[in-house]
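See structure below.
The values are calculated or read from the model by the stated rules, or taken from the named source; none is laboratory data. Source: prediction; values computed, not measured. Here the Cβ positions follow ideal geometry from the backbone for every residue, glycine too, while neighbour counts run over all protein chains shown. Only protein heavy atoms, including side chains, enter the accessible area calculation; ligands, DNA and RNA are left aside. Shrake-Rupley method; radii C 1.70, N 1.55, O 1.52, S 1.80 Å.
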Amino acid sequence: KEREAFLRRIDTSKGNATSPQGFVLHRDDSLKERIFNLRKKDGPILMFNETGEPLWDVIASVDFKQRQEKETTIILGDQIGYASSDEKFLAENTAVTQVSLGPLSLLTSQCITVTHHYMDTNRL
């Protein structure tokens, strides 16, 4: 139900010029296809997971800074988490770096805020 409500809100705001920039909804492909297409762009793909590498270490890494001019993709789950098949696929994909904001689960909105802070602080 939540997904359908979310999609309705996006459909409603499509013609709205004030909708947030940087948000893209992909409905016509699978996660595997999306990751395949993102790999072609050579930008960092970060998957949030409580057991991942600390985000600040990944952002500070030389590799990340060299790729900062590319499009950065951040994959977030919701309160339910990732589907087990998606989590397995992402964990096994070498293009995806698992990152963490700490050992405790946070709300997605909190993850976005903290991530923006780290990226802004590092001018990424």
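Under the condition of being of a type in the set (D, E, K, R) and part of a loop (DSSP other than H, G, I, E, B), which residue from region 70-93 is modelled with the lowest pLDDT?
Per the criteria, the residue is Lys70.
Every residue in region 101-124 that is over 12 Å from the mean Cα position of the chain (by Cα) and touching a residue at least 40 places away in the same chain (Cβ under 8 Å), please.
Hits for region 101-124 are Leu101, Gly102, Pro103, Leu104, Ser105, Val114, Tyr118, Met119, Asn122, Leu124.
Does Arg39 satisfy the criteria of being open to solvent by 60 Å² or more (accessible area, probe 1.4 Å), outside any helix (DSSP H, G or I), modelled with pLDDT under 85 and among the basic types (Lys, Arg)?
no
In region 19-30, is there at least one residue being part of a helix (DSSP H, G or I), at pLDDT below 80 and farther than 21 Å from Val114 by Cα?
No, because not a single residue in region 19-30 is part of a helix (DSSP H, G or I), at pLDDT below 80 and farther than 21 Å from Val114 by Cα.
Give the residue that is least open to solvent (accessible area, probe 1.4 Å), with candidates limited to residues of region 94-123 that are among the hydroxyl-bearing types (Ser, Thr, Tyr) and not in a helix (DSSP H, G or I).
Ser100
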